[in-house]
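Below you'll find the structure, written out as C-alpha cells, and then a few comments.
The values are calculated or read from the model by the stated rules, or taken from the named source; none is laboratory data. For clarity, every value in this text was computed on a predicted model and none was experimentally measured. Cβ placement follows ideal geometry from the backbone for every residue including glycine, while neighbour counts extend to all protein chains displayed. Just so you know, the surface numbers come from the protein's heavy atoms only, side chains and all, with ligands and any DNA or RNA stripped out. Shrake-Rupley method; radii C 1.70, N 1.55, O 1.52, S 1.80 Å.
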Amino acid sequence: MRFSFAGVEYEGREGETLAAALVRNGVLGGFRSPYRDRPRGVFSDGEEEPNALVRVGDEPLARATLVELEEGLVAEPVAGKGRLEPPRRERRYDSMHAHCDVLVVGAGPAGRAAAAAGGGDVILAELGRCAPLDGVRVLERTAVVGLYDGNLAVAVERGRRLWRIRARRIVLATGAVERPTLFEDNDRPGVMLAGAFKRYGRPAGATPVSGGFTPRVQLWRQAGGRLRWDDRVGAPVPDGELRAVACAGSVTGEGLPDAPPFALPDGEEGRIFVDLERDATVADVRRAVAAGLRSVEHVKRYTTIGTGPGQGRTSGVLATRVAAELLGVHPGELGTTTARPPYLPVPFALLAGRNRGPLFDPVRVTPLHERHVELGAVFEDVGQWKRPRYYPRSGEEMDAAVLRECAAVRERVGMQDVSTLGKIDVQGPDAAELLDRLYTNLISTLPVGMCRYGVMCRADGMVFDDGVVMRLGEGRFLCTTTTGNAAAVLAWMEEWLQTEWPELRVWLASVTEQWAAVAVAGPDAREFLQPLTGVALDAASFPFMAIREGEVVGIPARVCRVSFSGELAFEVWVDGRRGHELWRALEGAGGATPYGTEAMHVLRAEKAYPIVGQDTDGTVTPQDLGMDWVVSKKKGHFVGKRSFDRPDTSRADRKQLVAVLPADPDELLPEGAQLVADPDVPPPVPMLGHVTSSYRSAALGRTFALALVRGGRGRVGETVHAPLEDRVVPAVLAEPVLYDPEGRRRDGRPA
Amino acid sequence: MLIPCPWCGERDELEFSYGGEAGVPYPADPAALTDGEWAAYLFVRANPKGPFRERWVHAHGCRRWFDLTRDTATHEILG
C-alpha cells in the first residue's frame with residue numbers, strides 16, 4: 001500500500017506501523033526537535049516514542065510508532081507540539097461499560113499467563129495487536145489510561161471507543177520500557193533503543209543504545225501503589241501490596257536484565273539529552289541542582305523533564321539518576337514523581353462520547369412549547385427548561401416587546417405558560433405537620449380549597465425556596481416550587497422525612513409534568529376568562545388565594561386565584577396532555593396578550609416579589625427580604641426558626657432588599673452592580689450592597705432596580721452610587737414595593 | 001468508587017449524593033440550645049483522615065438515605 005510522509009510517497013505493508021515503514025524505507029530522520037530545531041528520527045517502536053510525532057488527518061499529535069498504515073495515509077511530521085484545528089468531519093466516539101472478575105493489562109507472556117489462569121470472567125487489554133485466547137475477552141489496540149477508586153479502569157480502544165471497566169481484580173502486566181543512554185549528541189537521527197533496532201530488523205545506519213529497562217509502573221502508581229528503588233534494574237519497581245491490584249512479569253523488575261553501570265559521560269552537557277520531547281539536557285539538570293533543588297518533583301518542574309506528551313516514559317529515571325549523580329546521593333533518596341491519569345493522551349471528544357450538542361444536557365419543554373415556537377417566542381434557559389422570554393412582534397426589539405407585554409398585563413390582560421413551576425404532591429395523615437415543619441409559615445391552618453404563599457428556609461435560616469401551597473384535602477397538598485429548584489425541594493422534603501421524621505406518615509411525588517398551567521393576569525382577567533368557564537369568578541364567590549375545580553374551555557381544570565404580578569390573576573391548571581388545547585382556546589378567545597418570563601420578572605419586581613436565586617443567594621433571610629409576615633410567630637418550631645435568634649441574623653446592618661431608582665430615569669443599572677455611599681473616598685471603598693434585579697418599567701415610566709443593601713430599610717431616601725466601568729451612577733434607595741403598595745389591584749381594576 | 005446501597009446493591013458513585021457526617025441528629029428542641037450549641041450543629045462537622053461514618057442518598061436510584069463508613073484517605077468502604 002502507498003502512504004506519504006512529509007509530502008513524499010512510500011510503499012508500506014499491511015499491518016505495519018508508520019514508524020516501522022519509515023525505517024524500512026530508510027527514513028531514519030525526518031523529524032525536528034521542538035525547541036532547538038535539531039534533526040530527530042524514530043527512536044523506539046512503542047508508546048514511549050518521543051521524536052516521531054505526526055499529524056494524521058484530524059489527529060494533531062500521533063506517535064508514528066502507534067499509527068497503523070492504511071492505504072493512502074498522509075502523515076506530516078510535527079515538532080513536539082500539535083496544533084488543534086476544527087475537525088474536517090465530526091468523528092463519532094463511543095463508550096462501553098464492562099464488568100469482569102479479572103482485568104489483565106498487557107498481553108506479554110506474563111499477561112497472557114495471568115489471563116489464561118482465569119478466575120472467572122477475564123478481560124485482557126493490550127496496547128498493540130494480540131492473538132485470541134480461549135475463554136478470554138481480548139481487547140487489542142486498547143490502552144488502559146486510568147485506574148480509579150473501586151477498581152474502575154478507563155481504556156481507549158483504537159482511539160475511538162472509551163471503555164469503563166469494573167474489575168474485581170486487576171493484574172498489571174505492563175512490562176518495562178527501555179531506557180536511553182547518555183552521550184554527546186545522543187539525540188541524532190538513527191540513534192534508537194536497542195529493542196526497537198532489533199524489531200525493526202537492524203536497519204542500516206542506525207545505532208542501537210540501551211541503558212537498561214524501566215518498569216511501566218504508572219498504572220500501579222495511579223492505583224495507589226508504592227515504589228522502591230531497585231539497584232539491579234536501576235529503576236523504581238512496585239513495592240508492597242494493594243488489595244485488588246497485582247503486578248506480574250517484568251513490571252515487577254523480575255526477569256529484567258541487570259542495568260549497565262551508570263556514570264555521567266564526558267562531553268558537552270548541553271548536547272547530552274535527557275528528555276528528547278523537551279530538548280532538556282544534563283546541563284539543565286545541573287542548573288536545577290545548582291539552584292538547590294533536591295527532589296525529582298522539583299527537578300521536573302525546573303527543567304520541564306517529563307512534562308511532554310510522553311510524561312517521562314524514557315526520561316524520568318534518567319533525570320533521577322543524573323540528579324543523584326550530581327548530588328552524590330543514591331537515586332532512591334530523591335523520591336519519584338506522581339503518575340496521574342491518563343497514561344496516554346486522550347482527546348476530550350472521546351471522553352465526551354455522544355454526550356455533546358443536544359445530548360449534552362436534556363432539554364425540557366412544556367406541552368405548549370410548539371405553540372410558543374409558532375408565536376415566534378425568544379426562549380431562555382431556566383434550569384433545563386426552555387421558557388418563552390418574550391414574544392416579539394415583527395420588527396420589535398426585546399425592550400419594546402417587554403414594555404408592551406407588561407403594559408398589557410397592567411392595563412388589560414395577559415397570559416403566560418407557567419407549566420414549568422415545580423409541583424410536588426404531598427399526601428398522608430401527617431402531611432400538614434410535615435409542611436408546618438418545613439415552611440416558615442403555618443400551613444396546617446389552611447382550609448381545604450385554599451392556597452397560601454410559603455417560604456422554606458435551611459436550618460441556618462436562609463431562604464431556600466418559595467412557592468404556593470394548595471390544600472386539596474385534609475391530608476393532601478400540592479406544593480409549587482421555583483422552576484429551577486423543583487428537584488432540590490423534593491429531595492429536601494424526602495431527606496427530612498427519611499432521616500429525621502420517619503414517624504410522619506407522608507408520601508411525596510413529583511407531578512411537575514402531569515400538569516400544564518396558564519396564568520391569566522390583568523385587570524380584565526375576570527372578563528376575559530368568565531365566558532370560557534362555568535366557575536364563578538366574581539370576587540365574592542372566588543376570593544383571593546382560593547382554588548376552584550371546574551371546566552375551562554371544556555377541559556377539566558383547577559383554577560387558583562394567585563398573582564405574581566399584583567394584578568387580578570387566575571392560574572388555570574389542566575392535564576398536561578391538554579395544555580396545548582387550553583392555550584389555543586385561550587388565544588382563540590382573543591384579547592389576552594401572551595407574555596414571557598422577562599415581563600413576568602418586571603411585573604413581580606415592581607411588587608418586590610423576590611426570585612429565589614436571583615434576589616437571594618443563600619445568605620438572605622425572609623426578614624432581609626422584608627417578609628417578616630411569612631415567618632410564623634405562633635408555630636413552636638420549623639426548620640430555620642432557631643437561626644433567626646442567632647446574633648448574626650439579627651444584626652442591624654444585614655443586607656436588606658430595597659428598591660433603587662437611578663437619578664436618570666433612563667439609566668438601567670446592570671444586575672450585579674455594586675453600590676457605595678461615597679464613590680470619592682480612597683479605596684478600598686466600603687460596599688453597601690449590590691443590584692439583584694434591574695428593569696425598565698412601563699407602569700412607572702422609568703427604570704428601577706432591586707438591591708440588597710446593608711441596613712437598607714433604614715437608608716430609604718438616601719442617595720447611593722453605582723460605580724460602573726466608565727461612570728458613576730447616582731440612585732436613590734426606596735421602599736421595595738414601587739407599584740400599587742396598597743394592593744388595590746389584586747381584585748381587579750380599582751373603582 | 002462503588003457504593004453499596006442497602007436496597008439496590010453496589011452502584012457507581014455517580015448515582016449518589018453526599019450528605020456529610022452521619023450521627024448529627026437534628027436537635028429535639030433547638031430553642032433550648034445556646035447560640036454556641038446551635039452554631040455547632042449548623043456549621044461544625046468532623047473531617048478526619050481515615051474511617052468516617054457518613055450519609056449518602058441513592059439520588060438516581062431508590063432515593064433512600066443510608067449511612068456507611070468510608071476511609072477518606074483510600075475511599076475504601078468499610079461497612
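Go through (1) free of Cβ contacts under 8 Å to residues at least 12 places away in the same chain; (2) within 14 Å of chain B (Cβ to nearest Cβ) one by one and return the number of the condition A:Lys198 breaks.
(2)
State the number of residues belonging to the stretch B:13-37 that are within 18 Å of A:Val639 (Cα to Cα), within 9 Å of another protein chain (Cβ to nearest Cβ) and either outside any helix (DSSP H, G or I) or touching a residue at least 60 places away in the same chain (Cβ under 8 Å) (or both).
Qualifying residue count for the region: 6.
Could you list all residues from the stretch A:76-94 that are at pLDDT 85 or above and basic (Lys, Arg)?
Matches in the stretch A:76-94: A:Lys81, A:Arg83, A:Arg92.
For the stretch A:322-336, indicate whether the set of residues that are closer than 30 Å to A:Arg696 by Cα, at pLDDT below 95 and outside any helix (DSSP H, G or I) is non-empty. Break it down stepwise before answering.
Within the stretch A:322-336, the first condition is being closer than 30 Å to A:Arg696 by Cα, and the residues that meet it are none.
Taking every residue of the stretch A:322-336 in turn, none turns out to be closer than 30 Å to A:Arg696 by Cα, at pLDDT below 95 and outside any helix (DSSP H, G or I).
In this structure, is A:His601 open to solvent by 60 Å² or more (accessible area, probe 1.4 Å), modelled with pLDDT of 95 or more and either within 14 Å of another protein chain (Cβ to nearest Cβ) or assigned to a helix (DSSP H, G or I) (or both)? Can you show your working first?
Working: open to solvent by 60 Å² or more (accessible area, probe 1.4 Å): no; modelled with pLDDT of 95 or more: yes; either within 14 Å of another protein chain (Cβ to nearest Cβ) or assigned to a helix (DSSP H, G or I) (or both): yes.
Here the answer is no, as A:His601 does not meet what is asked.
Mind checking which residues of the stretch A:427-454 are assigned to a strand (DSSP E or B) and surrounded by fewer than 24 Cβ atoms within 10 Å (Cβ to Cβ)?
A:Gln427, A:Met450, A:Arg452, A:Tyr453, A:Gly454, listed by residue number.
I need the full set of residues from the stretch A:554-568 which are of a type in the set (A, V, I, L, M) and open to solvent by 10 Å² or more (accessible area, probe 1.4 Å), in order please.
Initial filter on the stretch A:554-568 (of a type in the set (A, V, I, L, M)): A:555, A:557, A:559, A:562, A:568.
The one that is of a type in the set (A, V, I, L, M) and open to solvent by 10 Å² or more (accessible area, probe 1.4 Å): A:Val562.
Do we find a residue being within 14 Å of another protein chain (Cβ to nearest Cβ), aromatic (Phe, Trp, Tyr) and either more than 30 Å from A:Leu403 (Cβ to Cβ) or surrounded by fewer than 21 Cβ atoms within 10 Å (Cβ to Cβ) (or both) anywhere in the stretch A:628-646?
Within the stretch A:628-646 (the criterion being within 14 Å of another protein chain (Cβ to nearest Cβ), aromatic (Phe, Trp, Tyr) and either more than 30 Å from A:Leu403 (Cβ to Cβ) or surrounded by fewer than 21 Cβ atoms within 10 Å (Cβ to Cβ) (or both)), the answer is yes, since at least one residue qualifies.
Within the stretch A:267-310, how many residues are part of a loop (DSSP other than H, G, I, E, B) and without any contact (Cβ under 8 Å) to a residue 40 or more places away in the chain?
7
Quick one: which of A:Ala98, A:Ala116 is open to solvent by 30 Å² or more (accessible area, probe 1.4 Å), out of contact with any Pro (no Cβ under 8 Å at 6 or more places or on another chain), at pLDDT 95 or above and among the aliphatic types (A, V, I, L, M)?
Only one candidate qualifies: A:Ala116.
Would you check which residues across the stretch A:232-274 are within 14 Å of another protein chain (Cβ to nearest Cβ) and either among the polar types (S, T, N, Q) or in contact with a Gly (Cβ under 6 Å, 6 or more places away or on another chain) (or both) and list them?
The answer is A:Leu242, and nothing else.
Go through the stretch B:44-79 residue by residue and tally those that are in a strand (DSSP E or B), away from chain A (no Cβ under 13 Å) and of a type outside the set (A, V, I, L, M). Before the answer, list the steps.
Filtering the stretch B:44-79 down to residues in a strand (DSSP E or B) leaves B:51-57, B:65-71, B:77.
Then keep just the ones that are away from chain A (no Cβ under 13 Å); that gives B:51-53, B:68-69.
Within this subset, residues satisfying the condition of being of a type outside the set (A, V, I, L, M) are B:51-53, B:69.
Number of matching residues: 4.
Could you tell me how many of the residues in the stretch A:31-71 are open to solvent by less than 50 Å² (accessible area, probe 1.4 Å) and in a loop (DSSP other than H, G, I, E, B)?
21
Give the residue that is nearest to A:Glu68 (Cα to Cα), with candidates limited to residues of the stretch A:5-19 that are crowded, with 20+ Cβ neighbours inside 10 Å and under 42 Å from the mean Cα position of the chain (by Cα).
A:Thr17
Does A:Leu127 count as at pLDDT 95 or above, assigned to a loop (DSSP other than H, G, I, E, B), more than 14 Å from chain B (Cβ to nearest Cβ) and crowded, with 16+ Cβ neighbours inside 10 Å?
Answer is no for this residue.
For the stretch A:267-309, what are the residues that are charged (D, E, K, R) and either open to solvent by less than 30 Å² (accessible area, probe 1.4 Å) or modelled with pLDDT of 95 or more (or both)?
The answer is A:Glu268, A:Glu269, A:Arg271, A:Asp275, A:Glu277, A:Arg278, A:Asp279, A:Asp284, A:Arg286, A:Arg287.
Could you tell me which residue of the stretch A:647-667 is least open to solvent (accessible area, probe 1.4 Å), considering only residues that are β-branched (Val, Ile, Thr) and in contact with a Gly (Cβ under 9 Å, 6 or more places away or on another chain)?
Here the answer is A:Val658.
Test A:Ala155 against the criterion of being within 27 Å of the chain's Cα centre (by Cα) and modelled with pLDDT of 95 or more, and give yes or no.
Yes.
Suppose we filter A:Ala519, A:Ala509, A:Ala488 for residues that are in a strand (DSSP E or B), open to solvent by 30 Å² or more (accessible area, probe 1.4 Å) and either farther than 16 Å from A:Val639 by Cβ or within 11 Å of chain B (Cβ to nearest Cβ) (or both); which single one remains? Walk me through it before giving the result.
On the way: A:Ala519 fails: open to solvent by 30 Å² or more (accessible area, probe 1.4 Å); A:Ala488 fails: in a strand (DSSP E or B).
On inspection, the qualifying residue turns out to be A:Ala509.
Checking the condition under 19 Å from A:Glu725 (Cβ atoms), of a type in the set (A, V, I, L, M), more than 14 Å from chain B (Cβ to nearest Cβ) and outside any loop (DSSP other than H, G, I, E, B), which residue from A:Leu668, A:Leu657, A:Leu675, A:Leu661 passes?
Exactly one residue qualifies, and that residue is A:Leu675.
Of everything in the stretch A:696-713, what is open to solvent by less than 10 Å² (accessible area, probe 1.4 Å) and either of a type in the set (S, T, N, Q) or outside any strand (DSSP E or B) (or both)? Give them in sequence order. Before you say what the answer is, go through the steps one by one.
We begin by selecting, within the stretch A:696-713, every residue open to solvent by less than 10 Å² (accessible area, probe 1.4 Å); these are A:697, A:703-709, A:712.
A:Ser697, A:Thr703, A:Gly712, listed by residue number.
Confirm whether A:Val138 is of a type in the set (A, V, I, L, M, F, W, C) and modelled with pLDDT of 95 or more. Working first, answer last.
Working: of a type in the set (A, V, I, L, M, F, W, C): yes; modelled with pLDDT of 95 or more: yes.
Yes; evaluated as a whole, the condition is true for this residue.
Identify all residues within the stretch A:714-751 that are assigned to a helix (DSSP H, G or I) and crowded, with 16+ Cβ neighbours inside 10 Å; write none if there are none.
Once the filter is applied, which keeps residues that are assigned to a helix (DSSP H, G or I) and crowded, with 16+ Cβ neighbours inside 10 Å, the stretch A:714-751 yields only A:Arg715.
Could we say that A:Gln384 is modelled with pLDDT under 95 and either more than 29 Å from A:Leu700 (Cβ to Cβ) or touching a Pro at 6+ places or on another chain (Cβ under 7 Å) (or both) here?
Yes; evaluated as a whole, the condition is true for this residue.
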